[in-house]
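Before any comments, here is the structure.
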């Protein structure tokens, strides 16, 4: 859908590159999944935060999630979940960022924003 | 079905206890107060180079030269 409109989808997380996938599996993924292993980009985009102590304890003790396993030693840090639609000049035309990870930009809104950019060309 | 409705359904099924939700919500409020609010509409998205899942270097400005780009920042696979 996104591709047919001439747009690229790029996903970014603070995780270290995934070593659990085979090269064939990695080639089969049709989008770029980028690893911001130093959180440099998260910071540039003002999305970076250090996980609060109380939430860290919750993840470790109740959810059994240790972020260091995915992000590397000492990296209890995450992005605010966010989506941005950029036009060809790199200007943000639509987007959303919310620390509540259950609040996400609607895919239909993303598609509408890409269409809108296309119409202006 | 909208993504919003699907997430609402998932949340209802997951049904987390109020004491856990309170911690999550305090955490979200803390992050909001920290000023991590992301880019504004109309702002120029900073360029970057990062490595993709195949170990290739990806530059945002190179991708933009081909057309619009949707950037999705996600927390992880867990």
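The numbers here are math on the coordinates, done by the rules we state, and not lab data. The structure presented is a predicted model; accordingly, all values stated were derived computationally and were not measured. Glycine gets a Cβ as well: all are built from the backbone with ideal geometry, and neighbour counts include every protein chain shown.
Structure notes:
- Fewest neighbouring Cβ atoms within 10 Å first, the residues B:78, A:76 line up as B:78, A:76.
- Ranking of A:36, B:47 by count of other Cβ atoms within 10 Å, fewest first: B:47, A:36
- Gyration tensor (Cα) of region A:3-120, equivalent ellipsoid semi-axes in angstrom: 29, 19, 13
- Considering only A:102, A:83, A:38, the Gaussian network model of chain A with Cα springs below 10 Å gives its largest mean-square fluctuation to A:102.
- Between 0 and 90°, nearest 10: helix A:107-120 axis offset from chain A longest Cα axis: 40 degrees
- For chain B, the Rg and Dmax computed from alpha carbons only, in angstrom: 17.7, 48
- Hypothetical label at residue B:14: residues of region A:85-110 whose amide nitrogen lies under 14 Å (7 Å Cα-Cβ projection): A:99-104
- Chain A: calculated mean residue ellipticity at 222 nm from DSSP helix runs of at least 4, using -39500 (n - 2.57): -7500 deg cm²/dmol
- Virtual paramagnetic centre 7 Å along Cα→Cβ of residue B:57, amide N under 19 Å, in region A:8-29: A:17
- Pairwise Cα distances in region B:34-78 exceed 15 Å for 59 percent of all pairs.
- Taken along its principal axes, the alpha carbon cloud of the protein assembly as shown reaches lengths of 51, 34, 31 Å, longest axis first.
- Computed label-point distance, nm, for sites residue B:2 and residue A:50 using a 7 Å Cα→Cβ extension: 3.7 nm
- Of A:4, A:35, B:2, B:37, the sequence from fewest to most neighbouring Cβ atoms within 10 angstrom is A:4, B:2, B:37, A:35.
- Counting DSSP beta bridges with both ends in chain A, the antiparallel % (nearest 5): 65 percent
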